[in-house]
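The values are calculated or read from the model by the stated rules, or taken from the named source; none is laboratory data. Note that the structure is predicted; figures quoted are calculated from it, not measured. Heads up, the Cβs are rebuilt from the backbone with ideal geometry, glycines too, and the neighbour counts pull from every protein chain shown.
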Amino acid sequence: MINDYHMLSGLQKVAILFSVVGESLAMSLIKGLSKTEVRKIRSTVRSMGTVSFLVKKRVMEEFYFGFLAEQDETKEDGPIQPFDFLEDLNDEQMFALLDKEEPPVIAMILAQLEADKKMTVLNKLEPELKGQVLIELGSLDDIPLEGIIEVGARLKEKSTYLPRTADFSRGGAKEIADMLSDMSSNDQERYMQTLQNEDPELYAAVKVLFLTFEDIMEKFPEDQVRTLLNSIELDTLPIAFKGLEEEKINELKDMLPQKKQAMYNEDLASKPQPKREVDNARKLFVDAVKQMEKDGAINLEDILSGGEMIE
């Protein structure tokens, strides 16, 4: 059994943190770990053996107070307020935020609200869930402060990816899909993952309507892709094609008229491009498709849903 805190290496301390709070929570507290580092931590957890309670406590205190110090750097003064973002949410957004959450988390949020808003949320809960939440409200003192801060951070992150209230609560999949088109590719991926976790049915509806450059390349008929290629500025094409398989790029180039094939900027194609520039170039394809749909030239839902086509 490990009893001496001072004999621990930094890797062992992190491994203890992982074993105590779980990998998901630990990785949210320690940012920027590479895959190699995570593998080393997992290996250390398996090989370390039993750790005494006092050593675990010291490790948790070290990380916790380090976390508090990091948070304090972002504030000039005053206590940490992990739930201040709740002030910006209306009732429907609050319901969406708490949907699929466990009773202790719902209780934790309710404890932060004014009495009238607290009752509004409670009255929307199913009777059984309401009883569980009320019980949890009476035992919040048992939750460690670091746990409360982590829950606040997670829900704050979740709240930033809630669509406009009407879109989310009333199933406005089309409007959500349109909203996603204006996001960066990283934000699109993060939002869709959040939506998949929180509301699988709405995720499925949005997925059918959410158009990406990859969808255009994989699902659109050749004649429509050819039309798109001819509508986009020629020097934009090599940038948009970055990351595609060489075979696919050659296939797309072959769809161009002979004159445009001869003018294709191979020098530009051979150079690495910033991800932002690639995203912007690909967005031109998405915008062009939306214009085609607006003009009545295509039905986007039919193409993306893979509906049966009859010649």
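Observations
- Hey, M119 surrounded by fewer than 18 Cβ atoms within 10 Å (Cβ to Cβ) and assigned to a helix (DSSP H, G or I) or not: yes
- Selected residue (only one of D4, D84 is loosely packed, with under 15 Cβ neighbours inside 10 Å, under 30 Å from L195 (Cα atoms) and modelled with pLDDT of 75 or more): D84
- Residue list for region 237-268, filter: aliphatic (A, V, I, L, M) and either over 24 Å from K219 (Cβ atoms) or not in a helix (DSSP H, G or I) (or both): L244, M255, L256, A262, M263, L268
- Against the conditions (1) outside the structural domain of N250 (by TED's automatic domain parsing); (2) over 17 Å from the mean Cα position of the chain (by Cα); (3) modelled with pLDDT of 75 or more, Q224 satisfies every one except (1).
- Candidate set: region 143-192, residues that are β-branched (V, I, T) and outside any loop (DSSP other than H, G, I, E, B); chosen: the one modelled with the lowest pLDDT: T165
- Against the list (1) of a type in the set (A, V, I, L, M); (2) surrounded by fewer than 18 Cβ atoms within 10 Å (Cβ to Cβ); (3) under 30 Å from the mean Cα position of the chain (by Cα), the condition L256 fails is (3).
- Among the candidates R58, R42, residue that is modelled with pLDDT of 80 or more and more than 17 Å from R154 (Cα to Cα): R42
- For A281, the test of being touching a Ser or Thr at 6+ places or on another chain (Cβ under 7 Å), farther than 22 Å from N186 by Cβ and assigned to a helix (DSSP H, G or I) is failed.
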